[in-house]
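Please treat every number below as a calculation from the coordinates, not as lab data. The shown structure was predicted, so the numbers you read here are calculated from the model rather than taken from an experiment. Glycine gets a Cβ as well: all are built from the backbone with ideal geometry, and neighbour counts include every protein chain shown.
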């Protein structure tokens, strides 16, 4: 299997070095390159690479913002794997938490790259196996009746202080992932949720619940105000006893403003 790779970095020399290192791997074909986050998103949508080497710090849109945009445009099954590159390890760890396949610390050496490609090959192979299994399952169930559409949930079960609490949705100001744990923020405090964020999102009515970033869903009824930040992003401040601020990504800010009537 040939891995079609895209190299994204705002420094020409960094792109050239990485392409040279990739040239030592016969199963990797560099099919394109980009110099900033916006160009990276456009190029991915045009050529659909298997793997993207994505610099974290770039002009126009950072690597993290570019990945958020790709999550908006492409489902998991066809979104490319992402290996983040950066000169700062703390930035790499943050980026890796956003579902990057791996991260590389600059200056990248051949051993780092070899390990990253090994993991990428394994991830791509596993993805192919899942797709083949899904195709076989679909073929076997083609004539089976489809289950009814899921109804929006009326409550969430949260865990706190050794108790499972039935949370009223109107009391939930936002749901956010922090250090891989999903939390519901309410006036009474934070409650740990069992399900992943995307599973909870499927069960909620939208609006009032709106996804505002890769890691956060917000209840419109609890938003006090939006504050513009850099690169088209915003901070949403929640009112009352919840009183926290959450990040709104650039790609999701437009819909949020429209829902708020702005």
Members of region 159-214 that are touching a helix residue (DSSP H, G or I) at 6+ places or on another chain (Cβ under 7 Å) and either free of Cβ contacts under 8 Å to residues at least 24 places away in the same chain or under 20 Å from residue 75 (Cβ atoms) (or both): 177, 182, 208, 210, 211, 212, 213, 214
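Look at region 34-65 and say how many of its residues are within 17 Å of residue 104 (Cα to Cα) and surrounded by 17 or more Cβ atoms within 10 Å (Cβ to Cβ). Break it down stepwise before answering.
Quick first cut of region 34-65, residues within 17 Å of residue 104 (Cα to Cα) only: 51-58, 62-64.
Remaining after also requiring surrounded by 17 or more Cβ atoms within 10 Å (Cβ to Cβ): 51-56, 58, 62-64.
Here the count works out to 10.
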